[in-house]
Amino acid sequence: MHPTSTSPRRRTLLAAAGAAALTHPLSVLAQGAEEIVIGGSIPLTGVFAFAGVGINAGMGDYVKMLNDAGGIKGRKVKYVPEDTGYKVDVSVAAFKKITSQNKVNLYYGDSTGFSKTINPELDRNGNILMAGASFATELNDPKKYPNQFLVGPDYTEMFGILLKHIAKEKPGAKVAFVYSDSEFGRDPIESSEAMAKKLGLSVPIKIMTPAGSVDVSGEVIKLRRAAPDYTIFHGYILAPIPEFITQGKQQGMTSKWMGTFWTMDSSTVMKMGEAADGFMGVMPYRYYYDTEKAPMLEKIRSLRPEYQSTAYIQGFLAAMLFTEAAKRTLDAGKPLTGPNLKAALNSIKDFDTGGLIGVPITISGNSIPVGRVYRADMKAQKMVAASDWIKL
């Protein structure tokens, strides 16, 4: 056979190669333009629905805002949520469903239980950066949880912010801890007792109650005897906090009362009624109605003229930090893997959240150890700032 003549088989191979050469740039383009997917295990029903609905709206709004502005390097972001009812097994099933149907790089988890259960899967998968509704101290460990982060301070850091505020306001104060008999409740108690001592504060009493307990009269008597200057509640959303405060005040207690993030939404505190006047707590974000300069809050208010919960702000900020990590990874010309996304997130230094957090943030580990103490003003029906922003 003459060397220049081509067999029919070779001709088709050459044609195929030529076609491949032609289509190759297109496939690269298509790949470059594929959507960046944020999956979400979101408790839209069940005991945590009040938070899930807010988180879902916040994530969706930020993604829409970003896409309207052109996405990330020309790529659209797609948010794919599934309702979990705040049940770990349902959440795991949602994760499997969403990740099998989409190429997921970012994921929002609904609970500490889910975050811990899914962690080996995240490490195996290698392509996902995860955050969520949990502020569990255990997750604030980059060695054990290299592909996860918290959208704020962990529970121990929340106590740290409150204790720093107390030590400044009343040096040597007595602080009582009242917490629920749950993983969530017990989380920061031991380490915070040590921190209180470091700050020159004493913890004369620690009281643990069932999570939704209503009859707390026996506990209130013990609390009154300890005569704390401050009482910090943790591991509850609402009950039994109002019962403690009402009965404590009736028995002549002069303690100031405080809570942590999941108790601190405006609507939750206002439900406490008169008992809540002066109630304080830690908040990593600004409230929807805060009047200090915050361009991102102005955007949210123009988008949604009615009050949005702190859970909404948390979801919105989670989406902002997810997509910032993706943008920085792509800017560096790197593939969207879990380790690359986390390294990009950890490159965030003095980052402006548009005023959602009142100071520029730096994310060196798995948390954002910043917050502010707010106080309930029942006349104004609002939470008002009671401290500057406190960084740990």
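The values are calculated or read from the model by the stated rules, or taken from the named source; none is laboratory data. Worth saying up front: this structure is predicted, and the values here are computed from it rather than measured. Cβ: placed from backbone, ideal geometry, glycine included. Neighbour counts: every protein chain shown. Note: accessible area is taken over every heavy atom of the protein model, side chains too, but ligands, DNA and RNA are not part of it. Shrake-Rupley method; radii C 1.70, N 1.55, O 1.52, S 1.80 Å.
Computed from the mean reciprocal separation of all distinct C-alpha pairs, what Kirkwood hydrodynamic radius does segment 240-392 have, in Å?
17.1 Å is the Kirkwood radius here.
Using θ = phi - 60° and the Karplus form 6.51 cos²θ - 1.76 cosθ + 1.60, what ³J(HN,Hα) does each residue of segment 133-139 get, whole Hz, x for Gly and Pro?
7, 8, 10, 4, 4, 4, 6
Give me the percent relative contact order of segment 57-184, please, defined on Cα pairs under 8 angstrom at least 6 residues apart.
Details: 112 pairs, mean separation 18.2, N = 128.
Relative contact order here is 14 percent.
Which angle from 0 to 90°, rounded to the nearest 10, does the C-alpha axis of helix 112-125 make with the longest principal axis of the chain?
That helix lies at roughly 20 degrees to the long axis.
Okay, which of segment 349-392 sit inside 15 Å, backbone N to the point 7 Å along the Cα-Cβ direction of residue 144?
The answer is 366-367, whose backbone nitrogens lie closer than 15 Å to the label point.
Quickly work out the residue 359-to-residue 103 label distance, labels modelled 7 Å from Cα along the C-beta direction, and quote it in nm with one decimal.
Here the answer is 4.1 nm between the modelled labels.
For helix 241-250, report the angle its Cα long axis makes with the longest principal axis of the Cα atoms of the chain; keep it between 0 and 90° and round to the nearest 10°.
Once rounded, the angle reads 20 degrees.
Could you do me a favour and compute the accessible area per residue for the chain, 1.4 Å probe, result in Å²?
Details: 16840 Å² over 392 residues.
Computed with neighbouring chains in place, this is 43 Å² per residue.
For the residue pair residue 351 and residue 76, what label-to-label distance in nm results when each label sits 7 Å from Cα along the Cα-to-beta-carbon direction?
So the label points at residue 351 and residue 76 sit 2.5 nm apart.
Taking Rh as the Kirkwood radius, which is the inverse of the mean 1/r over Cα pairs, what is the Rg/Rh value for segment 40-178?
1.05
Between residue 33 and residue 343, with labels modelled 7 Å along Cα→Cβ, what's the label distance in nm to one decimal, could you check?
If labels sit at residue 33 and residue 343, their model points lie 3.0 nm apart.
Rounded to the nearest 0.05, what FRET efficiency do residue 194 and residue 170 have when you use their Cβ-Cβ distance and R0 = 25 Å?
So, using R0 = 25 Å, E works out to roughly 0.80.
Over segment 213-272, with every protein chain in place, what whole percent of the accessible area is carbon and sulfur at 1.4 Å, could you tell me?
52
May I ask you to derive the relative contact order of segment 97-158, considering only C-alpha pairs under 8 Å and at least 6 residues apart, and to give it as an integer percent?
Reported as a whole number, the value is 31 percent.
Work out the FRET efficiency for residue 267 and residue 334 from their Cβ-Cβ distance, taking R0 = 30 Å, and round it to the nearest 0.05.
Values: r = 42 Å, r/R0 = 1.39.
Computed FRET efficiency for residue 267 and residue 334 comes out at 0.10.
In whole Å, what is the distance between the alpha-carbon centres of segment 61-105 and segment 123-179?
Their Cα centres are 25 Å away from one another.
Could you work out the relative contact order of the chain? I mean the mean sequence separation of Cα pairs under 8 Å and 6+ apart, divided by the number of residues, in percent.
17
Quick one: which residues, 5+ away or cross-chain, put their amide H under 5 Å from the amide H of residue 348? H built at 1.01 Å from N.
Distant-sequence amide H within range of residue 348: 363.
Which length gain, in nm to one decimal place, applies between residue 289 and residue 214 when the Cα-Cα distance is subtracted from 0.36 nm times their residue separation? Please report the intermediate quantities before stating the final value.
Numbers: separation 75, 0.36 × 75 = 27.00 nm, distance 3.16 nm.
Net length gain for the segment: 23.8 nm.
Return the FRET efficiency for the residue pair residue 117, residue 249: r is the Cβ-Cβ distance, R0 is 56 Å, and the value is rounded to the nearest 0.05.
E(calc), rounded to 0.05, equals 0.85.
Which residues does a label at residue 47 reach in segment 90-110, if reach means a backbone N under 19 Å from a point 7 Å past the Cα toward the Cβ?
90-92, 109-110
Scan the chain and report its longest stretch carrying no GluC sites (Glu not before Pro) that are both in a DSSP loop and have at most 10 other Cβ atoms within 10 Å.
Looking at the chain, 1-291 is the longest stretch - no exposed GluC sites (Glu not before Pro) with at most 10 other Cβ atoms within 10 Å.
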